1. Scan (1) at pLDDT below 95; (2) surrounded by 23 or more Cβ atoms within 10 Å (Cβ to Cβ); (3) among the polar types (S, T, N, Q) for the single condition B:THR211 breaks and write down its number.
2. Filter the strands (runs of 3 or more DSSP E) completely within region A:1-86 down to those with at least 3 residues that are among the β-branched types (Val, Ile, Thr).
3. Select from region A:106-135 the residues that are of a type in the set (Lys, Arg) and assigned to a loop (DSSP other than H, G, I, E, B) and list them in ascending order.
4. Which count do you get for residues in region A:1-32 that are of a type in the set (Gly, Ala, Ser) and closer than 17 Å to A:LEU79 by Cα?
5. Quick check: anything in region B:85-97 facing another protein chain (nearest Cβ under 8 Å), farther than 30 Å from B:HIS290 by Cβ and surrounded by fewer than 23 Cβ atoms within 10 Å (Cβ to Cβ)?
6. Taking the condition touching a strand residue (DSSP E or B) at 6+ places or on another chain (Cβ under 6 Å) and at negative phi, does B:ILE174 pass?
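The values are calculated or read from the model by the stated rules, or taken from the named source; none is laboratory data. Please read these numbers as outputs of a predicted model, since none were measured by experiment. Glycine also receives a Cβ, built like all others from the backbone with ideal geometry; neighbour counts cover every protein chain displayed.
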Amino acid sequence: MIVIENASVITNTEIASGIWQLEVESPQICSEYAGPGQFISLLTDNGWEHPLRRPMSIAGVNGSQLTIIYKIFGDVTILLSQMKKGDLLNFLGPVGNTFSGWDNADVNPILIGGGVGLAPILNLKKACDDNNRDAAIIIGARTGSEHSMKHDPDNSIFLTTDDGSVGEKGTVMPVLERLANDMKNVMLFACGPEPMLKAVQSFAVSAGILTQLSVESYMACGIGLCQGCAIETPNTNGSKHSYHEQFSLVCMDGPVYPASEVTFA
Amino acid sequence: MPDLTTSIGNTTFQNPVFVASGTFGYGLENPDLVDVSKFGAIVTKSITRHPREGNPPPRIVETPSGMINSIGLANIGVEKYVREMVPNYEKIGVPIIMNIAGSVEEEYCEILDIVESVSSNIVGYEINISCPNVKEGGIEFGVDPLLTEALTSALRKRTEKLLILKLSPNVTDIRVIANAAVNGGADSVSAINTVYGMSIDSMARKSEIYTTYGGLSGPAIKPIGLACVHKVFNAVDCPIIGIGGITDSADAIEYLLAGASAIQVGTANYRNPAAGLSIVEGMESYCSKHKISHITDLIGKVKTHE
């Protein structure tokens, strides 16, 4: 069930350059939470200058505490970064479906994240750890200061940067291809900027690897009313909530899709 | 307790707060988040003769104090609507106003005939002649008084239920279109539909909406809606349903003062689907505080400087 509640800020800290982590007390949403992949939609502005909620992936749930990770992008995220302990934020959630299949004993999960796509991927990594599933994780960024983790290949944590300042130079793709070639029964889980998702999708399709992508979309309501968050999909049966075949609603049918069911523009 | 009931034509509603077309689905989607039985009425998303996929993404973008949408009337089509949605309306305990959109007169008539052929607790029809986003949304009618009147008369012959024509602000003089609707036999007009708008991403140098132009809604358009309602109220003798940027009870009262007999909450539902319920409560306290025994006493009572 989706609920609306005023979540109380516990911590709000910059964990890397322009990347923030917000931890709130949100007992109702936490009790409805179904797993990594789900998101919340929040309001920072009690006035109406910014009328729409902002969908943000859940980066972790611990008891009644919920964590999100956001990137400073515009006015709303700047406002969000100014929230202090005890401030209340209006949250709607949990929304959407979850990653699946990662807990299957026959599967070796590789998790790929970039930018704000980090949030659900870290959440999934924790779920894998908690379930004693060895999961490799690859995180991409433009430069080292945008990374919040340590490059640690011995523990299957791989960082990449466009400028080579941290981890491996380049995109996540060469690392992914190398790992996927070395491992058996691989399954990929990715969230990040569209060019990254496209590259993962194209690799996965050509290599025949099962892959789930968590996609982003502009969203007004988050509960299937506005039909604004539609994405194109080649699938003719999967979109239960958009009432038609060509489009799927990210809020109700997503945000996690099999790679084969997403058509990028 | 102040009396919040209001009438449109021969139908009385428990309060003047409706939810606007396109912002509450078919009325059956979210029983958990909101007690819909407390609304005055639910106006459904636009129903067309055949199912519609809608426009390609991006379909929405936020703008200062508003948003632009170009959904493209995505809907299941009237046949599936009658089969799958209409029977469920008995359960939800709130009057349903079905919104109808089409591209030619025959299409509107056909849709109405199909719905009228089954028994339902739909109390009326809001006729969309003002969707800015698709040709099939009736905008051709909405900008032409002769077509508006002809369409209204054709529909009037087919139903005894409430007939409400939803007007566009994207016209030279909204009073002319309102008058045409009333001459054609409409019980009421609702105003306004969204205002043509455009949003550009300067970094990408690209339009933010797939169809380039879309419909602007939200608080940004409230002054436009108020002016339209006030103009129509002073020119045309029919109840008006006010729409445009209503987020709280003060906004709603302003629309009543401008001349509306009821109001619709639209974009605010996206932020909080229960927004209409706090507006009902706020209207009640406004009436108590200002010793207004019946909410309809406020209709058209704005004082002007002339």
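1. (2)
2. On the way: elements: A:3-16, A:19-25, A:39-43, A:54-62, A:65-71.
Fully inside region A:1-86 and qualifying: A:3-16, A:65-71.
3. Going residue by residue through region A:106-135, those that are of a type in the set (Lys, Arg) are A:125-126, A:133.
Passing the criteria: only A:ARG133.
4. Going through region A:1-32, the residues of a type in the set (Gly, Ala, Ser) turn out to be A:7-8, A:16-18, A:26, A:31.
Narrowing further to those that are closer than 17 Å to A:LEU79 by Cα: A:7-8, A:17-18.
Residues flagged as of a type in the set (Gly, Ala, Ser) and closer than 17 Å to A:LEU79 by Cα within region A:1-32 amount to 4.
5. First pass over region B:85-97, keeping only residues facing another protein chain (nearest Cβ under 8 Å): none.
No - not one qualifying residue is present in region B:85-97.
6. Working: touching a strand residue (DSSP E or B) at 6+ places or on another chain (Cβ under 6 Å): no; at negative phi: yes.
It is false that B:ILE174 is touching a strand residue (DSSP E or B) at 6+ places or on another chain (Cβ under 6 Å) and at negative phi.
This table checks each residue for (1) within 12 Å of another protein chain (Cβ to nearest Cβ); (2) assigned to a strand (DSSP E or B).
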position: A:ASP154; (1), (2): no, no
position: A:LEU159; (1), (2): no, yes
position: A:LEU188; (1), (2): no, yes
position: A:MET219; (1), (2): yes, no
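Residues are listed down the side, and each one gets a yes or a no for (1) under 23 Å from B:TYR270 (Cα atoms); (2) over 15 Å from the mean Cα position of the chain (by Cα):
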{"position": "A:ASP75", "(1), (2)": "yes, yes"}
{"position": "A:GLY86", "(1), (2)": "no, yes"}
{"position": "A:PRO109", "(1), (2)": "no, yes"}
{"position": "A:GLY140", "(1), (2)": "no, no"}
